[in-house]
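Written out below as structure tokens is the structure these notes cover.
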Amino acid sequence: MKNTNLSIRFGLRIKELRKSKGLSQEDFADLCELDRTYISGIERGKRNPSLNALEILAKALNISIGELFSNL
């Protein structure tokens, strides 16, 4: 998977973390106060989240920003 585009690998990581918390995309988006289509775009590697969005994602998952990038 290391040859896969970073955006796709990051998106899969977010999806993995979200699912590990038992959250649907809609519930996760609500928790983050972001649009569900934005979360979907991140998970599919179509959107590149800003630094502020990374902080929001990490806080919603109750992890550090660094952990978002673990094993990429």
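Using only DSSP helix segments of four residues or longer, with each worth -39500 (n - 2.57), what per-residue ellipticity at 222 nm results for the chain after dividing by its residue count and rounding to 500? Write down the numbers at each step before the final one.
On the way: 5 runs with 46 residues, N = 72.
Mean residue ellipticity at 222 nm (helix-derived): -18000 deg cm²/dmol.
Applying a 10 Å radius around every beta-carbon, put 27-36, 10-19, 46-55, 62-71 in order of their mean neighbour count, most first. Walk me through the numbers on the way to the answer.
On the way: 27-36: 16.0, 10-19: 18.0, 46-55: 13.2, 62-71: 11.7.
Taking the mean over residues of other Cβ atoms within 10 Å, the ranking is 10-19, 27-36, 46-55, 62-71.
Per residue, how many Å² of accessible area does the chain show with a 1.4 Å probe? Walk me through the numbers before you get to the answer.
Numbers: 4590 Å² over 72 residues.
So the chain comes to 64 Å² accessible per residue, rounded to a whole number.
Net charge around residue 41, counting only other residues with Cβ within less than 10 Å of its Cβ (Lys, Arg = +1; Asp, Glu = -1)?
Working: positive: 36, 44, 46, 47; negative: 35, 43.
For residues surrounding residue 41, the net value is +2.
May I have the count of lysine pairs in the chain with C-alpha atoms under 20 Å apart, counting pairs 8 or more residues apart or located on different chains?
Values: 2/15; 2/46; 15/46; 15/59; 19/46; 19/59; 21/59.
Lysine pairs meeting both conditions in the chain amount to 7.
Full-extension gain between residue 36 and residue 8, please, as 0.36 nm times their residue separation minus the C-alpha to C-alpha distance.
Working: separation 28, 0.36 × 28 = 10.08 nm, distance 1.74 nm.
Contour length minus Cα-Cα distance gives 8.3 nm.
Could you compute how fast the chain diffuses translationally, taking Rh as the Kirkwood radius over C-alpha pairs and applying Stokes-Einstein at 10 °C with viscosity 1.306 mPa s? Give it in µm² per second. It would help to have the intermediate numbers written out before the result.
Values: Rh = 11.9 Å.
Approximately 133 µm²/s, per Stokes-Einstein.
Out of 5, 63, 41, whose Cα points farthest toward the positive end of the dipole of the chain (charges: +1 Lys, Arg; -1 Asp, Glu; placed on Cβ)?
Positive-end residue among those listed: 5.
To the nearest 20 debye, what is the magnitude of the charge dipole of the chain about its Cα centre, counting +1 on the Cβ of each Lys and Arg and -1 on the Cβ of each Asp and Glu? Mind dumping the intermediate values first?
Working: 12 positive and 9 negative charges, 79 e Å.
It works out to roughly 380 debye.
Tally Lys and Arg at +1 and Asp and Glu at -1 over the other residues with C-beta under 12 Å from the C-beta of residue 13: what net charge comes out? Walk me through the intermediate numbers first.
Details: positive: 9, 15, 18, 19; negative: 16, 43, 67.
Result for the local shell: +1.
Let me have the relative contact order for the chain, percent, based on Cα pairs under 8 Å that are six or more residues apart.
Values: 65 pairs, mean separation 29.0, N = 72.
Normalised by residue count, the contact order of the chain is 40 percent.
The values are calculated or read from the model by the stated rules, or taken from the named source; none is laboratory data. Keep in mind that what you see is a predicted model, and the values were worked out from it rather than measured. Because the Cβ atoms are built from the backbone with ideal geometry, glycine has one as well, and the counts that use them run over all protein chains shown. Accessible surface is based on the protein model in full, side chains and every heavy atom, while ligands, DNA and RNA are left aside. Shrake-Rupley method; radii C 1.70, N 1.55, O 1.52, S 1.80 Å.
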